[in-house]
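Chemist: Questions regarding the structure given below will be posed in turn.
The values are calculated or read from the model by the stated rules, or taken from the named source; none is laboratory data. In this text, all values refer to a predicted model and were calculated from it rather than measured experimentally. Cβ placement follows ideal geometry from the backbone for every residue including glycine, while neighbour counts extend to all protein chains displayed.
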Amino acid sequence: MRPRHALSLLALALPLPVVLSGATHPAPGARALSEPAQVVPDPTTSPAWDQRGPRPAPRRIASRSRRAAVPLQRAAATRPHTATHVPTQATRHVVTGYPWATDTSGGHDPWGFTKRQCVSYVAWRLARVGRPVYARQGWGSASGWDDVARRRGVTVTTRPAVGSVAQWNAGESSRVPRGTFTAGAYGHVAWVTAVYADGSVQVSQYNGTGTRSWSSMRVFAPRFLRL
């Protein structure tokens, strides 16, 4: 009976595997397994890691797919431009801050012209760019601006330019895209904001429609003053 007890005591003295949280750790002196360990990147230092685990390596795109994408890129690059009425020259900004837009007094502006009339608006535009004109200098009714310009040595031409003044004599008509524009009994002046390749211009104006309000139109003006 003594040998049996000795064997039992010897078995209890041998090291046994220890199980912790479902993982089996070999006893000291046991041979290590050959399976490599998995290294998980730190999500705070590896941008390629997210909640789903490491991102797979990108797949190689077949050459046939690359060839198919080329015609699409070429087609987009050669798409025709559909814009119309593109000016060859234009001002950078359209000024719409005429200070007497709601004036009902019918009084004069600082340059001596009646407010909300074409001559007042053009005088205001000229003053903004440092080229003021005054009614007392002879710039009265718009119908005589071309004559006053010639007397004062100002260029009067049929060649438009941005920043020049388009001018009509009394009752003078000009072609517009859908009909004609005819000046009233006092003539008309307007500020050129764009010049088109066909010789027409875009003008910014007051009282061009007889309502003492601002408007813009494209027109073949008869002449231009380089004030």
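Chemist: Please go through region 206-218 and give me each residue that is crowded, with 22+ Cβ neighbours inside 10 Å and part of a strand (DSSP E or B), ordered by number.
Modeler: Scanning region 206-218 gives a single hit, 206.
Chemist: Is there a residue in region 211-225 that is touching a residue at least 60 places away in the same chain (Cβ under 8 Å) and in contact with a His (Cβ under 9 Å, 6 or more places away or on another chain)?
Modeler: Looking for residues that are touching a residue at least 60 places away in the same chain (Cβ under 8 Å) and in contact with a His (Cβ under 9 Å, 6 or more places away or on another chain), one finds at least one in region 211-225, hence yes.
Chemist: Let me ask you something else. Please verify whether residue 194 is hydrophobic (A, V, I, L, M, F, W, C), assigned to a loop (DSSP other than H, G, I, E, B) and buried (at least 17 other Cβ atoms within 10 Å of the Cβ), treating the condition exactly as stated.
Modeler: Answer is no for this residue.
Chemist: When only residues in region 147-159 that are of a type in the set (Ser, Thr, Tyr) and in a loop (DSSP other than H, G, I, E, B) count, which is farthest from the chain's Cα centre (by Cα)?
Modeler: 155
Chemist: Starting from region 124-145, take each residue that is closer than 19 Å to residue 208 by Cβ and of a type in the set (S, T, N, Q) and list its partners that are part of a helix (DSSP H, G or I) and at pLDDT 95 or above, counting only C-beta distances under 9 angstrom and pairs at least six apart or across chains.
Modeler: Filtered contacts from region 124-145: 141/119.
Chemist: For region 113-133, enumerate the residues that are surrounded by fewer than 22 Cβ atoms within 10 Å (Cβ to Cβ) and among the hydroxyl-bearing types (Ser, Thr, Tyr).
Modeler: Of everything in region 113-133, just one residue is surrounded by fewer than 22 Cβ atoms within 10 Å (Cβ to Cβ) and among the hydroxyl-bearing types (Ser, Thr, Tyr), namely 114.
Chemist: Evaluate region 125-140: report whether one residue or more is among the basic types (Lys, Arg) and in a loop (DSSP other than H, G, I, E, B).
Modeler: Yes, because at least one residue in region 125-140 is among the basic types (Lys, Arg) and in a loop (DSSP other than H, G, I, E, B).
Each row is one residue, and each column tells you yes or no for (1) closer than 20 Å to residue 112 by Cβ; (2) touching a Ser or Thr at 6+ places or on another chain (Cβ under 7 Å).
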| position | (1), (2) |
| --- | --- |
| 137 | yes, no |
| 145 | yes, no |
| 157 | no, no |
| 161 | no, no |
| 174 | no, yes |
| 188 | yes, no |
| 198 | no, no |
| 209 | no, yes |
| 219 | no, yes |
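Chemist: Shifting gears a bit: For region 160-178: of the residues being in a strand (DSSP E or B), in contact (Cβ under 8 Å) with a residue 24 or more places away in the chain and not aromatic (Phe, Trp, Tyr), which is surrounded by the most Cβ atoms within 10 Å (Cβ to Cβ)?
Modeler: 165
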